[in-house]
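These notes are about the structure you will find just below.
The values are calculated or read from the model by the stated rules, or taken from the named source; none is laboratory data. Owing to the predicted nature of the structure, the values given are computational and were not obtained by experimental measurement. FYI the Cβ positions are ideal-geometry reconstructions off the backbone, even for glycines, and counts take in every protein chain you see.
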């Protein structure tokens, strides 16, 4: 059975894709794919997503140069989430951090702090 | 500003939570939280989710014993995804695999294979 038949896209035809750095396991970002962007990802070995706000395809790094070279694509038991391992060039986050998950909660009450250094000036 | 104000829950009041093993970075699963389950997660240091299909709260491991001890909770630049690092007891996947992402795509055409060993008999 082709793996596409195992996948469950949501009502908008999208599936969340977790992107992880293959070199050390850092989770870099999460973005949404549709079937066409997933096919393009597998064909080109670069990550292609569907922007829900802009309603268009985008390739990670197409403007910044911070591309992701795809090393593997996995999917979960329910078929409703993808895990993509990549080699990341530069910062994955458009705010200049290596990972988009640069803020960590400090306590149940709700304070948080930045737990990662900015590696790139996004301006 | 409390971090809750940074978060964007979707139209159903939910936010996806990526769960990662803090010991070696393996991505274990992705599930959905609402504000109450996130608060409970922060208070109890166990992962609580909202089941979209069953419309109820569930604690990971409440029936299997495969609990997740929460070590950190981070959120991304857009505030629409959580990354939770845990110490996992046993298999995270209800199918008996350590990680739910046990199937990997082999080629663009669509074949896939199981790339992880089952560590627990779910029956």
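Name every residue in the range A:70-86 that is in contact (Cβ under 8 Å) with a residue 24 or more places away in the chain, surrounded by fewer than 23 Cβ atoms within 10 Å (Cβ to Cβ) and over 12 Å from the mean Cα position of the chain (by Cα), in order of residue number.
Residues satisfying the conditions are A:71, A:72, A:78, A:79, A:80.
Going by what's in this entry, would residue A:16 be described as at the interface with chain B (Cβ under 9 Å from one of its Cβ atoms), under 17 Å from residue B:101 (Cα atoms) and modelled with pLDDT under 95?
So residue A:16 does not fit the description; no.
Going residue by residue through the range A:27-36, is there one that turns out to be facing chain B (nearest Cβ under 9 Å), surrounded by fewer than 19 Cβ atoms within 10 Å (Cβ to Cβ), free of Cβ contacts under 8 Å to residues at least 24 places away in the same chain and out of contact with any helix residue (DSSP H, G or I) (no Cβ under 8 Å at 6 or more places or on another chain)?
Scanning the range A:27-36, I find no residue that is facing chain B (nearest Cβ under 9 Å), surrounded by fewer than 19 Cβ atoms within 10 Å (Cβ to Cβ), free of Cβ contacts under 8 Å to residues at least 24 places away in the same chain and out of contact with any helix residue (DSSP H, G or I) (no Cβ under 8 Å at 6 or more places or on another chain), so the answer is no.
Please indicate, with yes or no, whether at least one residue in the range A:39-47 is within 11 Å of chain B (Cβ to nearest Cβ) and either in a loop (DSSP other than H, G, I, E, B) or in contact with a helix residue (DSSP H, G or I) (Cβ under 7 Å, 6 or more places away or on another chain) (or both).
yes
Can you say whether residue B:24 is facing another protein chain (nearest Cβ under 9 Å), closer than 14 Å to residue A:104 by Cα and either out of contact with any helix residue (DSSP H, G or I) (no Cβ under 8 Å at 6 or more places or on another chain) or touching a residue at least 40 places away in the same chain (Cβ under 8 Å) (or both), as far as the supplied structure shows?
no
Could you tell me how many of the residues in the range B:113-123 are farther than 25 Å from residue B:16 by Cα and facing another protein chain (nearest Cβ under 10 Å)?
1
Inside the range A:72-101, can you point out the residues that are assigned to a loop (DSSP other than H, G, I, E, B), in contact with a strand residue (DSSP E or B) (Cβ under 6 Å, 6 or more places away or on another chain) and facing chain B (nearest Cβ under 7 Å)?
A:81, A:100, A:101
Scan the range A:48-57 residue by residue and report those that are under 26 Å from residue B:19 (Cα atoms) and in a strand (DSSP E or B).
Passing the criteria: A:48, A:49, A:50, A:51.
I'd like the full set of residues that are more than 13 Å from every other protein chain (Cβ to nearest Cβ) and in contact with a helix residue (DSSP H, G or I) (Cβ under 7 Å, 6 or more places away or on another chain), limited to the range B:50-71.
Residues satisfying the conditions are B:50, B:57.
Check residue B:110 against each of (1) assigned to a loop (DSSP other than H, G, I, E, B); (2) buried (at least 18 other Cβ atoms within 10 Å of the Cβ); (3) free of Cβ contacts under 8 Å to residues at least 40 places away in the same chain; (4) within 9 Å of chain A (Cβ to nearest Cβ) and name the one condition it does not meet.
Tallying (1) assigned to a loop (DSSP other than H, G, I, E, B); (2) buried (at least 18 other Cβ atoms within 10 Å of the Cβ); (3) free of Cβ contacts under 8 Å to residues at least 40 places away in the same chain; (4) within 9 Å of chain A (Cβ to nearest Cβ), residue B:110 fails exactly one: (2).
Any idea which of (1) under 27 Å from residue B:115 (Cα atoms); (2) assigned to a strand (DSSP E or B) is the one residue B:65 doesn't satisfy?
Tallying (1) under 27 Å from residue B:115 (Cα atoms); (2) assigned to a strand (DSSP E or B), residue B:65 fails exactly one: (2).
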